[in-house]
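Okay, structure first, notes after.
The values are calculated or read from the model by the stated rules, or taken from the named source; none is laboratory data. As the structure is a prediction and not an experimental result, all values here were calculated from the model. Every residue, glycine among them, receives a Cβ derived from its backbone with ideal geometry; neighbour counts consider all protein chains shown. Side chains included, ligands, DNA and RNA excluded: accessible areas come from the protein's heavy atoms. Shrake-Rupley method; radii C 1.70, N 1.55, O 1.52, S 1.80 Å.
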Amino acid sequence: MRPSLDTLLAEEFRTDGAVIERTLSAAREELARQRPVRRWRTQATWVFAASAGLSAAVAGVLLVLGRTSGAVLLGRAPLLALLWATSAVCTWGAVSPRGRKLEPWGVMMAVASAAALVFARGPASAESVLPEWVCTLSHVGVGLVPLVVAVAVLRGAAFRPLRALLAGLSVGTTGAFLGELACTQSWQHVVGYHLSAWAIVAVATLAVSMSLKPRSFAP
């Protein structure tokens, strides 16, 4: 004899009740851990500070080693400020829960910064004794620490490709900053070896973020 509809509904209710109870139990255990809640503004500051702070440290090291000078810093100040502003906007757009409105602006600022780096660069002022690819390698290398910070922060929210790409563009400004102070090659070199490093860092941030499971699916 087939069970009545009332019997089936009662069994389903009991099953759902057990599932709900297990869910509540798991939720209580999670809440009991009392994990610290970090504000997104604090996390955005971490990402920006990782890039900007490392850029400032690189500038200081180059000054001490005599690889750049105060005059060069003053002459490149508008470009360096533009790179920091780009990093800030991209970071805010990537980390903010309501950063979607800033995402197009972040991309446009990154494109404008890249164009400014090219058009502001004249012919090579000195013959380099190092292979040109050293610039690409050093730019990618200096961006590794900010990349790790950015990926760690991105895991605290739902994955979105544009969000991860914006974070990568922010991280990539670190290498671009280095290139403006330590390299005197032509604009063709900037296009081929500096901007390519920026693109590599941005794509790497996107790829790593895509491969990691988010800790949270917050917006």
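Does Leu137 fit the bill of being open to solvent by 40 Å² or more (accessible area, probe 1.4 Å), of a type outside the set (D, E, K, R) and at pLDDT 95 or above? So Leu137 fits the description; yes. Cβ-Cβ contacts under 8 Å between residues 6 or more apart (or on different chains), taken from a first residue in segment 60-82 that is closer than 21 Å to Ser113 by Cα to a second residue that is open to solvent by 60 Å² or more (accessible area, probe 1.4 Å) and not in a helix (DSSP H, G or I), are listed as Leu79/Ala120. Screening the candidates Val89, Val95 for the property of being in contact (Cβ under 8 Å) with a residue 60 or more places away in the chain and buried (at least 18 other Cβ atoms within 10 Å of the Cβ) yields one hit, Val95. The residues of segment 156-184 include none that are out of contact with any Leu (no Cβ under 7 Å at 6 or more places or on another chain), of a type in the set (D, E, K, R) and under 29 Å from Glu132 (Cα atoms). For first residues located in segment 141-163 and touching a residue at least 24 places away in the same chain (Cβ under 8 Å), partners that are assigned to a loop (DSSP other than H, G, I, E, B) and open to solvent by less than 20 Å² (accessible area, probe 1.4 Å) and lie 6+ apart or on another chain with Cβ distances below 8 Å form the pairs Arg163/Ala157. Scanning segment 183-203 for residues being part of a helix (DSSP H, G or I) and within 18 Å of Pro78 (Cβ to Cβ) gives a total of 3. Restricted to segment 98-126, and to residues there that are within 21 Å of Val151 (Cβ to Cβ) and not small (Gly, Ala, Ser), the residue that is most open to solvent (accessible area, probe 1.4 Å) is Arg100. Restricted to helices (runs of 4 or more DSSP H) entirely inside segment 67-181, those with at least 1 residues that are under 13 Å from the mean Cα position of the chain (by Cα) and of a type in the set (Asp, Glu) are 103-119. Kindly evaluate Glu132 against the criterion of being surrounded by 15 or more Cβ atoms within 10 Å (Cβ to Cβ), at pLDDT below 95 and of a type in the set (Asp, Glu). Criteria not met by Glu132. Just give me the residues in segment 150-189 being closer than 17 Å to Leu137 by Cβ and in contact with an Asp or Glu (Cβ under 9 Å, 6 or more places away or on another chain), in sequence order. Correct list: Gln185, His189.
Of all the criteria given as (1) within 20 Å of Gly122 (Cβ to Cβ); (2) crowded, with 16+ Cβ neighbours inside 10 Å, the one not satisfied by Ser186 is (2).
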